[in-house]
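Following this message is one structure expressed as structure tokens.
The values are calculated or read from the model by the stated rules, or taken from the named source; none is laboratory data. Small disclaimer: the values here were computed from a predicted structure and weren't measured. Because the Cβ atoms are built from the backbone with ideal geometry, glycine has one as well, and the counts that use them run over all protein chains shown. Protein only, heavy atoms only, side chains kept; ligands, DNA and RNA dropped before computing areas. Shrake-Rupley method; radii C 1.70, N 1.55, O 1.52, S 1.80 Å.
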Amino acid sequence: MLTLQLILQGVFLFTLSTLLLGWLLPKIYTWLLCAIHSLVPAKAKHEKDDLELYESKKKEHREKSQTQYDSLASEYNQRILIPRQEEKRRKKEEDFIKFLGPAWKGKGSPLGGQVFDDENHCDSAGQEAARRRIVREDINLDVLTAAASNAAKKQKIKHVIILPDEPSADEPDAISVLFRTPLGTTFQRRFLNSDKVQCLCDLITTKGFSYKSYIISTSYPRVLLSDPNVTLSELKFGKRILLNIEEKDA
């Protein structure tokens, strides 16, 4: 009798537990779904805020860099480009004025022409000069001969560019030279310490920067390599050096 009672109590408890679980499980599942849906938008919103903050900082950094670049460009323009352009313009104006010569404001008269022997017609200084002027007939021929001779001399002493062989990177006496052009580009070549500055000038000439219009200088301290007969060893560049190619002032 006692055993039957225990069995009935066990069945009752099992049935009650099953009913409770059947009622609670849907509630728990619904609550978990609500919690998950509430966390996902919050996470997405947080990621969106982080992305917007990143884009904002990126835009701010870009604007700051652009402002600094504009400031440097303006300073370079005011400090170097504008004075250089003004100097070139002034030089051209001076050359133009020299070419024109001084303006004659007095009462002039053409040289040459008819010469009067009458004292009434000897008041003009131009006519008096024309009367006394004796022009050599062969003067133009002499000038032409001298010009042809000078041209022949210049043609004979024309410089022929012959670059020395580039040493290997393992050469103990080699020096690596990096050139920075006015266009912002760079190129590199190795030389020997025994090579002269003229070799550097010949190299930039082959690159389109004629040594007649451009000059080579060190970065800091700025030193112009104006003597083509100086060797690189005398300049004490070391194993590697950066040189600038600058346009010569007018």
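Residue-by-condition table, conditions (1) under 25 Å from Pro172 (Cβ atoms); (2) open to solvent by 30 Å² or more (accessible area, probe 1.4 Å); (3) of a type in the set (Asp, Glu); (4) not in a loop (DSSP other than H, G, I, E, B):
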position	(1), (2), (3), (4)
Tyr220	no, yes, no, no
Ser226	no, yes, no, no
Glu234	yes, yes, yes, yes
Ile245	no, no, no, yes
Asp249	no, yes, yes, no
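Got a sec? Which of Ser176, Ser213, Ser194, Ser226 is of a type in the set (Gly, Ala, Ser), under 30 Å from Glu87 (Cα atoms) and touching a residue at least 12 places away in the same chain (Cβ under 8 Å)?
Going through Ser176, Ser213, Ser194, Ser226 in turn, just one is of a type in the set (Gly, Ala, Ser), under 30 Å from Glu87 (Cα atoms) and touching a residue at least 12 places away in the same chain (Cβ under 8 Å): Ser213.
Among the residues of the stretch 49-102, which ones are aromatic (Phe, Trp, Tyr) and within 19 Å of Pro182 (Cα to Cα)?
Tyr69, Tyr76, listed by residue number.
Please state which one of Gln198, Gln188 is outside any loop (DSSP other than H, G, I, E, B), over 15 Å from the mean Cα position of the chain (by Cα) and over 30 Å from Lys88 (Cβ atoms).
Every option except Gln188 fails the conditions.
Test Pro172 against the criterion of being farther than 20 Å from Ser226 by Cα, of a type outside the set (Gly, Ala, Ser) and open to solvent by less than 40 Å² (accessible area, probe 1.4 Å), and give yes or no.
no
Condition check: farther than 21 Å from Val160 by Cα and modelled with pLDDT of 90 or more. Does Leu178 satisfy that?
yes
Filter the stretch 62-97 down to the residues that are over 23 Å from the mean Cα position of the chain (by Cα) and over 20 Å from Glu247 (Cα atoms) and list them by number.
Correct list: Glu93, Glu94, Asp95, Phe96, Ile97.
Take Lys57 and tell me if it is open to solvent by less than 100 Å² (accessible area, probe 1.4 Å), modelled with pLDDT of 85 or more and not polar (S, T, N, Q).
Considered against the rule, which asks whether it is open to solvent by less than 100 Å² (accessible area, probe 1.4 Å), modelled with pLDDT of 85 or more and not polar (S, T, N, Q), Lys57 comes out as no.
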